[in-house]
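Worksheet for the structure shown next.
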Amino acid sequence: MAITVYGFGPGYGLPDISPFVLKTMVLLKMANLPYEVNVKGYGNAPKAKLPYLNDDGQIIADSTFIYWHLEHKYQLDLNAWLSEAEQAVAWAFEKMLEEHLYWTVLYERWVKERNFKLGPYRYFRFLPWPLRDIVPKMVRRKLKKSLIAQGIGRHNEADILRLAKKDLDAIDDFLADKRYLMGDRICASDATVYAFCQSALCELFSGELQQYAASKQNMVAYVQRMQHEYGF
């Protein structure tokens, strides 16, 4: 068995700069499946995004489809102990983070000039001059267009922050004093919640969103527990 995860690589003090890649890595840890990471596969990404998985020659793109592949091939079901209603709640939290909070964090990192210079801009430093200056501007422009197309980028900064805070409140309130998202046992959605909450807490990117995330005590304690058990 040979499993390779194609990701961006570590950065910003995180195991990978993408929470979607980290989600996949944590899922594989939860499944006790050995894997290696390859950071040179973006050019061959079947959906032009990371992560994707090579499992003994079978290519699977997108973190959610990767989990479904693991379920099918390795008889992995981290959600077997959940009722159908509980699975629905866990799925809803996953999609809130992946399809909503993600974009607010992306705005914080790529649109705000200070954070862009501290993080994303440095990711391109390996490029020769003048590409090292041209390429990040092109990528940044593309991401700003994506933010507008998605909808988050149509709001002003204050409203984007309000939306992000509602997501963080929801996670913190729902976690309460539970060990994991849905109770005393992990479920598949914990990989997502951990990855995206850790991303929001990243101390490299200063600002009100990071500070607000750091004030959410239930969420911070949860990330610390997950870091201890499934971190890198």
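The values are calculated or read from the model by the stated rules, or taken from the named source; none is laboratory data. All values derive from a computational prediction rather than experimental measurement. Every residue, glycine as well, gets a Cβ built from its backbone with ideal geometry; the counts of neighbours run over all protein chains shown. In case anyone asks, the SASA skips ligands and DNA or RNA and just uses the protein heavy atoms, side chains included. Shrake-Rupley method; radii C 1.70, N 1.55, O 1.52, S 1.80 Å.
Side notes on the structure shown:
- Sequence-ordered 3J(HN,Hα) estimates for the range 171-176 from the Karplus curve with 6.51, -1.76 and 1.60 and θ = phi - 60° stand at 4, 4, 5, 6, 4, 6 Hz, glycine and proline given as x.
- Whole-number accessible area per residue in Å² for the chain, which is evaluated in the context of all protein chains at 1.4 Å: 50 Å²
- Using θ = phi - 60° in the Karplus curve 6.51 cos²θ - 1.76 cosθ + 1.60, the 3J(HN,Hα) couplings for the range 192-203 round to 5, 4, 4, 4, 7, 5, 4, 4, 5, 8, 3, 6 Hz; x is entered for Gly and Pro.
- Across LYS47/LYS95; LYS29/LYS73; LYS144/LYS165; LYS112/LYS178, pairs whose alpha-carbon gap is larger than 23 Å: LYS112/LYS178
- Considering only PHE65, PHE93, PHE20, the Gaussian network model of the chain with Cα springs below 10 Å gives its largest mean-square fluctuation to PHE65.
- Restricting the range 107-204 to chymotrypsin sites (Phe, Trp or Tyr not before Pro) that sit in a DSSP loop and have at most 14 other Cβ atoms within 10 Å of their own Cβ leaves PHE126.
- For the range 156-232, the list of GluC sites (Glu not before Pro) that fall in a loop by DSSP and count at most 12 other C-beta atoms within 10 angstrom reads GLU203.
- Globularity index of the range 106-232, i.e. its alpha-carbon radius of gyration over 2.2 N^0.38 Å: 1.20
- Leading residue at positive end of dipole, the range 145-191 (Cβ point charges), from SER189, PHE174, ALA158: ALA158
- The H on the amide N of ASN38, modeled in the peptide plane, is under 5 Å from the matching H of VAL5, TYR6, GLY7, each at least 5 residues off or on a different chain.
- By the Cα gyration tensor, the range 97-180 has an equivalent ellipsoid whose semi-axes, rounded to whole angstrom, run 30, 16, 10 from largest to smallest.
- Taking amide H positions as modeled 1.01 Å from N, with prolines and chain starts lacking one, the residues under 5 Å from ALA61 and 5 or more places away or on another chain are LEU53.
- Within the listed set ILE17, ILE60, ILE148, the Gaussian network model of the chain (springs between alpha-carbon atoms below 10 Å) gives the highest mean-square fluctuation for ILE148.
- When the charge dipole of the range 81-168 is built from unit charges on Cβ atoms (+1 for Lys and Arg, -1 for Asp and Glu) and taken about the Cα centre, the candidate among GLN87, PRO136, VAL111 whose Cα reaches farthest toward its positive end is PRO136.
- At full extension, ASN32 and ARG125 could sit 30.0 nm farther apart than now, given 0.36 nm per residue minus the alpha carbon distance.
- Spatial offset of the range 129-205 relative to the range 1-63 amounts to 19 Å, using the alpha carbon center of each.
- For the range 131-232, size of Cβ-based charge dipole, Lys and Arg +1, Asp and Glu -1, in debye: 680 debye
- Cβ-based net charge around LYS165, under 11 Å, with every Lys or Arg adding one and every Asp or Glu removing one: -2
- Normalising by residue count, the chain has a Cα convex hull of 124 Å³ per residue.
- Equivalent ellipsoid of the range 178-232: semi-axes from √(5λ) of the C-alpha gyration tensor, largest first, are 20, 11, 9 Å.
- Anisotropy class of the range 1-91 from Cα gyration tensor, a/c 1.5 cut: prolate
- Computed [θ] at 222 nm, deg cm²/dmol, the chain (DSSP H ≥ 4; -39,500 (n - 2.57); rounded to nearest 500): -17000 deg cm²/dmol
- Candidates ASP77, ASP190, ASP172, ranked by Gaussian network fluctuation over the chain, Cα under 10 Å, top entry: ASP77
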